[in-house]
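Heads up: the structure comes next, in structure tokens.
The values are calculated or read from the model by the stated rules, or taken from the named source; none is laboratory data. Small disclaimer: the values here were computed from a predicted structure and weren't measured. Note that each Cβ is placed from the backbone with ideal geometry, even for glycine, and that neighbours are counted across all protein chains shown.
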Amino acid sequence: MADTPPLAPPPPPRNVLHLGAGAGEPHRLHGMFHGPGWRVVRVDADAALKPHIVAPPTDLTQVVSGAVQAVWTMNTLEHLWAHEVPAVFRECARVLSEDGVFMALVPDLQRIAALIAKDLLDEAAYATPAGPIAPLDMMFGFRDGMARGRLALAHHTGFTAKTITQMLTAAGFGHVKINRGNLFELLVIAHKRAPLPGPSETSYKPPDLLPG
């Protein structure tokens with residue numbers, strides 16, 4: 001009887017840097033990164049949430065260059081000031097491996113503006129467990145949360161598919177793809193170099209957009 005060839009060891013987990021991770025709720029992480037193939041490294045400015053790295057998304061100095069294979073962020077970039085965003089993208093390009101991917105979910109100002117042009121500024125566009133969301137909330141931040149003292153929910157900048165593509169390209173990402181979701185959001189997928197053939201990140205359902 002022929003000897004059974006030894007089993008190859010499983011590949012090491014790939015690292016995904018989750019910016020603005022909060023307390024690590026599963027719904028805040030893109031479905032692509034669930035499972036044993038990924039090691040999630042949570043980054044958040046709030047130490048009380050016990051992230052792996054206590055830092056705002058503007059400060060990734062604790063992460064070694066090329067150390068992660070993916071960066072994911074949801075409902076985070078719009079809370080930064082406009083002048084901070086390009087530096088965040090440059091840092092994301094630095095910490096990513098050459099074959100890594102940057103993915104983000106941000107409000108789609110173009111479609112939000114279309115509702116505002118129809119004079120629907122304060123009309124509910126969709127519902128969430130936290131309450132109805134109107135264009136005013138998507139543009140400037142979730143009002144109910146801010147009324148309860150969570151002023152960090154305020155939005156200080158915003159994006160269209162064109163502007164975020166331009167910023168990512170300037171930061172060193174050579175391949176940027178934008179998908180429009182069902183809840184007035186953009187799913188941004190950026191690579192420093194052409195991605196290898198295989199399952200597309202867009203084949204995974206993005207998480208539900210929550211007010212943030």
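Some values worked out for this structure:
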{"quantity": "Qualifying residues in segment 37-53 (those that are within 15 Å of the chain's Cα centre (by Cα), more than 19 Å from residue 154 (Cα to Cα) and not basic (Lys, Arg)) - the one surrounded by the fewest Cβ atoms within 10 Å (Cβ to Cβ)", "calculated": "40"}
{"quantity": "Search result, residues across segment 123-174 that are basic (Lys, Arg) and within 30 Å of residue 100 (Cβ to Cβ)", "calculated": "162"}
{"quantity": "Hits in segment 104-124 - residues which are buried (at least 16 other Cβ atoms within 10 Å of the Cβ) and either among the basic types (Lys, Arg) or more than 27 Å from residue 19 (Cα to Cα) (or both)", "calculated": "111, 115, 116"}
{"quantity": "Residue, farthest from residue 153 (Cα to Cα), within segment 69-92, restricted to residues that are among the aliphatic types (A, V, I, L, M) and surrounded by fewer than 21 Cβ atoms within 10 Å (Cβ to Cβ)", "calculated": "87"}
{"quantity": "Hits in segment 20-36 - residues which are out of contact with any Ser or Thr (no Cβ under 9 Å at 6 or more places or on another chain) and surrounded by 13 or more Cβ atoms within 10 Å (Cβ to Cβ)", "calculated": "22, 24, 28, 29, 30, 31, 33"}
{"quantity": "All positions within segment 144-158 that are without any contact (Cβ under 8 Å) to a residue 40 or more places away in the chain and not in a helix (DSSP H, G or I)", "calculated": "148, 149, 150"}
{"quantity": "Top-ranked residue of segment 54-67 - restricted to ones that are surrounded by fewer than 18 Cβ atoms within 10 Å (Cβ to Cβ) and among the aliphatic types (A, V, I, L, M), ranked as nearest to residue 83 (Cα to Cα)", "calculated": "55"}
{"quantity": "Within segment 126-143, tally of residues that are touching a strand residue (DSSP E or B) at 6+ places or on another chain (Cβ under 6 Å) and surrounded by 15 or more Cβ atoms within 10 Å (Cβ to Cβ)", "calculated": "2"}
{"quantity": "Residue count, segment 9-29 (criterion: at pLDDT 65 or above and in a loop (DSSP other than H, G, I, E, B))", "calculated": "10"}
{"quantity": "Tabulated pairs, segment 175-192, first within 10 Å of residue 103 (Cα to Cα), second modelled with pLDDT under 90, C-beta under 6 angstrom, 6+ apart or interchain", "calculated": "187/181; 187/206; 189/201"}
{"quantity": "Failed criterion for residue 58 (all others in (1) part of a strand (DSSP E or B); (2) at pLDDT below 95 hold)", "calculated": "(1)"}
{"quantity": "In segment 161-179, the residues that are in contact with a helix residue (DSSP H, G or I) (Cβ under 7 Å, 6 or more places away or on another chain), part of a loop (DSSP other than H, G, I, E, B) and surrounded by fewer than 17 Cβ atoms within 10 Å (Cβ to Cβ)", "calculated": "172"}
